[in-house]
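The values are calculated or read from the model by the stated rules, or taken from the named source; none is laboratory data. Predicted, not measured: the structure shown is a model, and the values here were computed from it. Cβ placement follows ideal geometry from the backbone for every residue including glycine, while neighbour counts extend to all protein chains displayed.
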Amino acid sequence: MYVLRTLGSLELHADDVPVLSGRRKPLALLTYLARHVPQTVGRDRGALNHEFGLALVHLELLDSASRVYQSMTRRSALSQKQFGYRSLAYVRMLEGQYRNAAVALDSAINFAHAAGNQHVSEFRHHILLAQAAQSAGDSVRVGQALNGAWKLLTKFTPDPSFAFYAGHAFANARSLNRARVLLDTLNARSRAGSMLDQTLRHLLQARIALVAGRPTEARALLLQASDTTMNGYRLALLSDTYEALGRLDSALIAATQLTRAMRVGDEQQDEWLRGFLRVGKLAERMGDAPRARDAYATIVSRFKQGDADHLQLVHARRALARLGVARGSEIAQQR
């Protein structure tokens, strides 16, 4: 009953009702909302609508989720419009539409800036834009987004979570000095006895160590990262670390676990999406062509409406073509 009362605060459109009337879908929707909506109460209506849209995403109703988020962008308050655009960007990234995601995040940044005193949100938009650009292989846009985030650090001090997200993005861009500054911020803001903050510290230290060419150190740090809410980052890092150590079987196991832990609507979404590319590359290196083909086919299917030059999509299509030729040669030899 609690969730049903809460539905009155959500931007549910009449044309979504038939879509949600399929077998078992209403139950799945209510189950999701029962789990996540209570966490948003006491914040704002935008958070409620973001969770409702994520419920639709989990039901693979991306068009319905987009309608919810587009309605959020039509609000009068500038400070609220930004959240609709950010949520919409998550959906576009799920579809491999980097350019549309970037446009949405640019709008989120502009509305956050115009609203004033929205430094945390504006900072988060920049970091998400850097993640999207990195996934798409746009290094120029990565640098621009990270520079925008760095400038905002003169106006506020991020909490441990946002210090981690930013530090991780800077480390991925090989900007290790700035990543270390954010690690210092994370350490200074960490709460005593917080398992999450300790995990964030170990994960960021591990990413910095790995980028600096110290995979053994990175592995030791990852074994101390125990908060499971950050498993998207942890599994991605484990996969990269084991690959650097030459332990491809362990790297593939971690990457496979990552693909099975769906994360959407937060900073770990990009790590989850890139997990399929990790599986494909590792399986191919280990000579497991069927497994590699399955991973690459998942990317092509998920990004079927994505940008044609999206880095993951281009790699997956080329790999499938290559593996398809190899498979044909194997069959010919057997005959």
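Here is a yes/no grid of residues against (1) at pLDDT below 95; (2) buried (at least 23 other Cβ atoms within 10 Å of the Cβ):
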position: LEU200; (1), (2): no, yes
position: LEU203; (1), (2): no, yes
position: ARG207; (1), (2): no, yes
position: PRO215; (1), (2): no, no
position: ALA220; (1), (2): no, no
position: SER226; (1), (2): yes, no
position: SER239; (1), (2): no, yes
position: LEU245; (1), (2): no, no
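Condition first: part of a loop (DSSP other than H, G, I, E, B) and surrounded by fewer than 21 Cβ atoms within 10 Å (Cβ to Cβ). Now tell me which residues in the range 268-309 satisfy that.
Of everything in the range 268-309, those that are part of a loop (DSSP other than H, G, I, E, B) and surrounded by fewer than 21 Cβ atoms within 10 Å (Cβ to Cβ) turn out to be MET286, GLY287, ASP288, LYS304, GLN305, ASP307, ALA308, ASP309.
Based on what the data block shows, is LEU258 within 28 Å of THR229 (Cβ to Cβ), touching a His at 6+ places or on another chain (Cβ under 8 Å) and surrounded by 21 or more Cβ atoms within 10 Å (Cβ to Cβ)?
When the stated conditions are applied, LEU258 does not pass them.
For LEU196, indicate whether it is out of contact with any Ser or Thr (no Cβ under 9 Å at 6 or more places or on another chain), of a type in the set (A, V, I, L, M) and either within 26 Å of LEU153 (Cβ to Cβ) or not in a helix (DSSP H, G or I) (or both).
In short, no.
Assuming ARG174 fulfils every condition listed in (1) farther than 24 Å from ASN147 by Cβ; (2) of a type in the set (Lys, Arg); (3) touching a residue at least 24 places away in the same chain (Cβ under 8 Å) apart from one, which condition is it?
Against the list (1) farther than 24 Å from ASN147 by Cβ; (2) of a type in the set (Lys, Arg); (3) touching a residue at least 24 places away in the same chain (Cβ under 8 Å), ARG174 comes up short only on (1).
Collect the residues in the range 146-162 that are touching a residue at least 12 places away in the same chain (Cβ under 8 Å) and more than 16 Å from the chain's Cα centre (by Cα), keeping them in residue-number order.
LEU146, GLY148, ALA149, TRP150, LEU152, LEU153, LYS155, PHE156, THR157, PRO158, ASP159, PRO160
Of the residues ALA236, ALA254, ALA212, only one is of a type outside the set (Val, Ile, Thr) and without any contact (Cβ under 8 Å) to a residue 24 or more places away in the chain; which?
ALA254 is the lone residue from the list that is of a type outside the set (Val, Ile, Thr) and without any contact (Cβ under 8 Å) to a residue 24 or more places away in the chain.
If you take the residues of the range 71-87 that are surrounded by fewer than 17 Cβ atoms within 10 Å (Cβ to Cβ) and not charged (D, E, K, R), which of them is nearest to LEU105 (Cα to Cα)?
LEU78
Could you tell me whether any residue of the range 113-129 is in contact with a Ser or Thr (Cβ under 8 Å, 6 or more places away or on another chain), among the β-branched types (Val, Ile, Thr) and under 30 Å from SER190 (Cα atoms)?
no
Would you be able to say whether some residue in the range 215-233 is β-branched (Val, Ile, Thr) and either without any contact (Cβ under 8 Å) to a residue 24 or more places away in the chain or over 26 Å from MET286 (Cα atoms) (or both)?
Within the range 215-233, one or more residues are β-branched (Val, Ile, Thr) and either without any contact (Cβ under 8 Å) to a residue 24 or more places away in the chain or over 26 Å from MET286 (Cα atoms) (or both).
Here are SER161, SER135: which of them is surrounded by fewer than 24 Cβ atoms within 10 Å (Cβ to Cβ), closer than 22 Å to VAL264 by Cα and at pLDDT 95 or above?
Going through SER161, SER135 in turn, the sole match is SER161.
Looking at (1) surrounded by 24 or more Cβ atoms within 10 Å (Cβ to Cβ); (2) touching an Asp or Glu at 6+ places or on another chain (Cβ under 9 Å), find the lone condition where ALA102 falls short.
(1)
What number of residues within the range 113-139 are β-branched (Val, Ile, Thr) and over 20 Å from the mean Cα position of the chain (by Cα)?
Adding up the residues that qualify gives 0.
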